[in-house]
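I have placed the structure first, in the form of structure tokens, so that the comments after it can refer back to it.
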Amino acid sequence: MSKKIVILNGSPRKKGNTSLLVKAFTEGAQSAGNTVTEFFLDGMEIHGCKGCFGGHSGRECPCVQKDDMARIYPAVKESDVVVLASPLYYWNLSGQLRTACDRLFALEEGDGNLLRGHDRASALLMAAEGNGFADAVLYYDHLMEHLRWKNLGHVLAGGNMNVGDVESKPQIREAYELGRAIQ
């Protein structure tokens, strides 16, 4: 059965190493018959969460702020899988991705929790110059536990000094296979 996959790409580079992992994952997922929608967050207008608790999951746009999250909310609500993709920035996810994740909280407020559970799954794709992924993975794993999403795993590609370095690494194949395994 075909799955609806949403990718939140938190890289500021459309052709960077994280985006190459996303491309490989997407090719694998599509080869298995899945539908993939990618949001390149750096090209979107997404404001930080104000912590106002004014969200309401029953609304078309559950957050009180009106920005490009209005495009992401319906896709996430309808998704089977949400993939978080990011370069490693100061031992964590990029600000672009963290901001979007924070704003997803609006789907937990109001009439019903439209984010937590719902037989949803997730995966984490990351690229970096170094290999210090532990804090980012810890955050991701805790987020999956909170959301009650099935954790499909992580593809962590370290040692990438230049754009394109990840292409020669086994993590490209791992990302492809992870996407292909979703059925």
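The values are calculated or read from the model by the stated rules, or taken from the named source; none is laboratory data. Computed from a predicted model, the values in this text were never measured in an experiment. All Cβ positions, even for glycine, are placed from backbone atoms using ideal geometry, and neighbour counts span all protein chains on display. The accessibility values were calculated without ligands, DNA or RNA, using every heavy atom of the protein model including side chains. Shrake-Rupley method; radii C 1.70, N 1.55, O 1.52, S 1.80 Å.
Give me the accessible area per residue for the chain, probe 1.4 Å, as a whole number in Å².
Normalised by residue count, the accessible surface of the chain is 48 Å².
Mind putting a number on the dipole of the chain about its Cα centre? Charges go on the C-beta only, +1 for Lys and Arg and -1 for Asp and Glu, and I need it in Debye to the nearest 20.
220
Cα centroid distance between the range 17-37 and the range 106-167, in Å?
For the range 17-37 versus the range 106-167, the Cα centre distance is 15 Å.
Rounded to the nearest 0.05, what FRET efficiency is calculated for residue 148 and residue 42 with R0 set to 30 Å and r the Cβ-Cβ distance?
0.55
Equivalent ellipsoid semi-axes for the range 131-175, as square roots of 5 times the alpha carbon gyration tensor eigenvalues: give them largest first, rounded to whole Å.
The equivalent ellipsoid of the range 131-175 has semi-axes of 25, 13, 6 Å.
Based on the Kirkwood radius over alpha-carbon pairs, what is the Stokes-Einstein translational diffusion coefficient of the chain at 20 °C with 1.002 mPa s viscosity, in µm²/s?
Estimated via Stokes-Einstein, D reaches 131 µm²/s.
Between 86, 168, 19, where does the largest GNM mean-square fluctuation fall for the chain, given springs only between Cα atoms within less than 10 Å?
The residue with the greatest mean-square fluctuation here is 168.
Over the chain, what is the relative contact order in whole percent, taking alpha-carbon pairs under 8 Å and six or more residues apart? Could you put the intermediate results ahead of the total?
On the way: 386 pairs, mean separation 59.5, N = 183.
Relative contact order comes out at 33 percent.
Run the count for the chain, please: Lys pairs, Cα-Cα under 21 angstrom, 8 or more apart or on different chains.
Summing the qualifying lysine pairs gives 14.
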